Amino acid sequence: MNVSTGIPTITYTVPTNCSDQPDLMASALLNDLNKTNNDPVNFQMRHVLTCIGFKASGDGERITKITAKGVKPTGTLTVAEDGTPSWLLGAVDGNFEATVDDGVYLGALAQLVNTGGGYLMMIPQTLGTELALP
């Protein structure tokens with residue numbers, strides 16, 4: 001077993017395929033619990049990825065896929081002692097492309113555009129306006 005001191009970090013790369021993107025969760029640090037017996041350890045988990053869904057409206061256009069451009073898919077996660085997560089984003093930009101279930105024909109009212117794997121799970125970040133709907 002490797003032993004180190006300080007707050008651990010996780011380097012994570014989000015899979016490009018939407019259906020392969022798990023939800024990533026982390027907990028606040030807990031010191032010296034369950035050290036002397038087999039009692040359960042209670043801890044509060046927090047989501048550390050951003051769940052992205054899309055709504056669109058139109059005039060009969062068909063959407064078959066959605067591409068979000070300029071996304072940073074890699075980062076290093078640190079969790080503060082109180083459980084607050086923070087990300088240091090990687091330097092490389094990528095694109096996320098999600099196939100839309102059976103294609104969607106847009107109507108005048110905004111509707112959720114479901115993708116093959118559900119929602120995109122991405123590292124929290126500010127995105128530009130580059131979104132492609134072929």
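The values are calculated or read from the model by the stated rules, or taken from the named source; none is laboratory data. These numbers come from a predicted model, not from an experiment. Quick reminder, even Gly has a Cβ in these numbers, built from the backbone with ideal geometry, and neighbours come from all protein chains shown. All accessible areas refer to the heavy atoms of the entire protein, side chains included, with ligands and DNA or RNA removed. Shrake-Rupley method; radii C 1.70, N 1.55, O 1.52, S 1.80 Å.
So for the stretch 19-30 (the condition being part of a helix (DSSP H, G or I), closer than 13 Å to M121 by Cα and either modelled with pLDDT under 75 or open to solvent by 70 Å² or more (accessible area, probe 1.4 Å) (or both)), does at least one residue qualify?
yes
Among the residues of the stretch 92-134, write down those that are in a strand (DSSP E or B), more than 15 Å from P73 (Cβ to Cβ) and either at pLDDT 80 or above or small (G, A, S) (or both).
Matches in the stretch 92-134: G103, G118, A132.
How many residues does the stretch 49-64 hold that are modelled with pLDDT of 80 or more, buried (at least 16 other Cβ atoms within 10 Å of the Cβ) and closer than 14 Å to L120 by Cα?
Matching residues across the stretch 49-64 total 2.
Would you please list the contacts, defined by Cβ atoms under 9 Å and residues six or more apart or on different chains, that run from a residue in the stretch 67-84 that is at positive phi to a residue that is among the acidic types (D, E) and loosely packed, with under 15 Cβ neighbours inside 10 Å?
Every condition considered, the pairs that remain are G70/D93; G70/E130.
Failed condition for G83, given (1) more than 24 Å from L29 (Cα to Cα); (2) at pLDDT below 80, with all others met?
Among (1) more than 24 Å from L29 (Cα to Cα); (2) at pLDDT below 80, the lone unmet condition for G83 is (1).
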